[in-house]
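> First, the structure itself, so that you have it in front of you.
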Amino acid sequence: MIIDCHGHYTTAPRALEIFRERQLASPDDPIPFPSIDDEEIRRSVEGAQLKFQKERGTDRTIFSPRASSMAHHLGNAATSIRWAQICNDLIHRVCQTYPDNFVGVCQLPQSPGTSPANCVGELERCVSELGFVGCNLNPDPSGGYWTDPPLTDRWWYPLYEKMAELKVPAMIHVSSSRNPNFHATGAHYLNADTTAFMQLLTSELFRDFPTLKFVLPHGGGAVPYHWGRYRGLAQDMKRPPLAELVLNNVYFDTCVYHLAGIELLTKVIPVDNILFASEMVGAVRGIDPETGHYFDDTKRYIDAVTWLSAEDRRKIFEGNARKVYSRIQ
């Protein structure tokens with residue numbers, strides 16, 4: 001089985017977006033959520049995610065709400081809870097409709113300045129009641145201004161305690177940027193991946209939570225390219241080697257949109273720490289004029305890496321996802 005660990009519901013019915021606009025315009029009013037019938041759900045994925053699964057030869061997508069629409073910096077803690085619940089319920093409906101193709105990961109109801117303990121109830125609901133296998137954790141709910149403590153601060157510990165109890169990982173994934181300095185997908189996403197890794201490198205988080213697992217999306221941002229720098233920084237700070245310090249707990253996905261990038265990733269990061277992912281249909285939707293194929297058709301890049309063995313590919317395409325997202329059936 002080929003498991004894509006990074007897919008978002010970017011094709012959700014328009015009714016979801018209309019509801020969100022109304023909710024943010026009147027955050028104190030109990031805006032009713034419109035009815036979305038089963039046929040709308042089917043139409044929303046059959047011409048996109050399901051179509052590409054078949055064309056590209058992948059089997060199952062770990063599926064979550066659209067990352068840019070989480071927008072934790074908008075509204076307030078109460079609106080964020082309702083918004084997360086609605087988005088997660090839609091993911092559940094997709095997974096119920098196509099159980100062989102999708103497995104759910106939840107959006108958390110984060111809000112700037114609000115304790116992550118506020119997310120525990122929704123995480124437990126999604127895992128225990130809806131059968132989800134993980135969550136997306138926004139390290140910057142402020143939308144590009146980083147006003148909350150770093151991921152390694154005890155501020156986050158109530159959420160980590162619940163993750164450890166439920167045995168679920170988090171993909172560390174920011175949402176939209178409201179800071180004009182940072183384009184969301186071209187800068188903010190990759191900055192956050194890199195920033196999160198450096199936070200983890202300097203902390204004792206995994207001593208306190210030895211079973212905690214994080215996935216860094218988008219190939220880990222700048223991390224693989226600067227692996228020597230991070231090894232050197234750890235050495236200068238008298239930290240353990242990176243293999244001991246982070247690689248028992250931190251994993252990297254393959255949302256890297258060219259062969260040279262995937263080759264670098266697989267040369268630098270151990271195969272045991274790489275999970276196949278495409279983020280389709282997502283950040284980059286066009287066709288690469290140099291190859292004639294979609295940029296986000298990442299399976300063909302992995303297929304083209306000549307030094308990967310059959311066992312290496314089995315780990316990247318399936319084994320590592322099952323190890324990290326251990327609740328996958």
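The values are calculated or read from the model by the stated rules, or taken from the named source; none is laboratory data. Predicted, not measured: the structure shown is a model, and the values here were computed from it. Every residue, glycine as well, gets a Cβ built from its backbone with ideal geometry; the counts of neighbours run over all protein chains shown.
> What pairs can you find where one residue is in the stretch 193-222 and under 25 Å from VAL133 (Cα atoms), the other is polar (S, T, N, Q) and assigned to a helix (DSSP H, G or I), and their Cβ atoms are less than 6 Å apart, with a gap of 6+ or different chains?
GLY221/THR194
> May I pose another question? For PHE295, all conditions in the list (1) closer than 16 Å to HIS258 by Cβ; (2) at pLDDT below 95 hold save one; what is the number of the exception?
PHE295 satisfies every listed condition except (2).
> Please determine, by comparing only the residues of the stretch 12-68 that are among the polar types (S, T, N, Q) and touching a Gly at 6+ places or on another chain (Cβ under 8 Å), which one is nearest to GLU318 (Cα to Cα). Full working, then the answer.
Applying the first criterion (among the polar types (S, T, N, Q)) to the stretch 12-68 yields 23, 26, 35, 44, 49, 53, 58, 61, 64, 68.
Applying the additional criterion that residues be touching a Gly at 6+ places or on another chain (Cβ under 8 Å) yields 23, 49, 61, 64.
Details: GLN23: 39, GLN49: 19, THR61: 11, SER64: 18 Å.
Going through the qualifying residues, I end up with THR61.
Conditions (1) under 14 Å from the mean Cα position of the chain (by Cα); (2) over 22 Å from SER68 (Cα atoms); (3) aromatic (Phe, Trp, Tyr); (4) in a helix (DSSP H, G or I), marked per residue:
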{"residue": "ARG125", "(1), (2), (3), (4)": "no, yes, no, yes"}
{"residue": "PRO150", "(1), (2), (3), (4)": "no, no, no, no"}
{"residue": "SER176", "(1), (2), (3), (4)": "yes, no, no, no"}
{"residue": "ALA192", "(1), (2), (3), (4)": "yes, no, no, yes"}
{"residue": "THR195", "(1), (2), (3), (4)": "no, no, no, yes"}
{"residue": "LEU200", "(1), (2), (3), (4)": "no, yes, no, yes"}
{"residue": "SER203", "(1), (2), (3), (4)": "no, yes, no, no"}
{"residue": "ALA222", "(1), (2), (3), (4)": "no, no, no, no"}
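> Which members of the stretch 28-39 meet the condition of being surrounded by 14 or more Cβ atoms within 10 Å (Cβ to Cβ) and either of a type in the set (Asp, Glu) or touching a residue at least 40 places away in the same chain (Cβ under 8 Å) (or both)? Don't jump to the end; show me each part of the working.
So the first thing to find is which residues in the stretch 28-39 are surrounded by 14 or more Cβ atoms within 10 Å (Cβ to Cβ), and the list is 31, 33, 36.
Correct list: PHE33, ILE36.
> Under 7 Å by Cβ, and 6 or more places apart or on different chains, what pairs join a residue from the stretch 84-95 that is farther than 13 Å from GLU122 by Cα with one that is part of a helix (DSSP H, G or I) and not acidic (Asp, Glu)?
Close Cβ pairs (under 7 Å, with a partner that is part of a helix (DSSP H, G or I) and not acidic (Asp, Glu)) amount to LEU90/LEU16; ARG93/ILE41; VAL94/ILE41; VAL94/VAL45.
> For the stretch 61-109, give me each residue that is under 25 Å from GLY47 (Cβ atoms), assigned to a helix (DSSP H, G or I) and of a type in the set (A, V, I, L, M).
The answer is ALA67, MET70, ILE86, LEU90, ILE91, VAL94.
> Here's a follow-up. Tell me yes or no: at least one residue of the stretch 271-286 is modelled with pLDDT under 95, exposed (fewer than 14 other Cβ atoms within 10 Å of the Cβ) and touching a strand residue (DSSP E or B) at 6+ places or on another chain (Cβ under 8 Å).
yes
> Would you mind telling me which numbered condition in (1) at pLDDT 95 or above; (2) under 25 Å from VAL127 (Cα atoms); (3) not basic (Lys, Arg) SER35 fails?
Here SER35 clears every test but (1).
> Here is a further query. When both residues are 6+ apart or on different chains and their Cβ atoms are under 9 Å apart, which pairs have a first residue that lies in the stretch 229-253 and is without any contact (Cβ under 8 Å) to a residue 12 or more places away in the chain, and a second that is part of a helix (DSSP H, G or I) and surrounded by fewer than 18 Cβ atoms within 10 Å (Cβ to Cβ)?
Between residues of the stretch 229-253 that are without any contact (Cβ under 8 Å) to a residue 12 or more places away in the chain and residues that are part of a helix (DSSP H, G or I) and surrounded by fewer than 18 Cβ atoms within 10 Å (Cβ to Cβ), the close pairs are PRO241/ARG231; PRO241/GLN235.
> So is LYS299 out of contact with any helix residue (DSSP H, G or I) (no Cβ under 6 Å at 6 or more places or on another chain) and charged (D, E, K, R) or not? Full working, then the answer.
Values: out of contact with any helix residue (DSSP H, G or I) (no Cβ under 6 Å at 6 or more places or on another chain): no; charged (D, E, K, R): yes.
The answer is no for LYS299.
> Could you list, in sequence order, all residues of the stretch 152-174 that are part of a helix (DSSP H, G or I) and not aromatic (Phe, Trp, Tyr)? Don't jump to the end; show me each part of the working.
Initial filter on the stretch 152-174 (part of a helix (DSSP H, G or I)): 154-166.
The answer is ARG154, PRO158, LEU159, GLU161, LYS162, MET163, ALA164, GLU165, LEU166.
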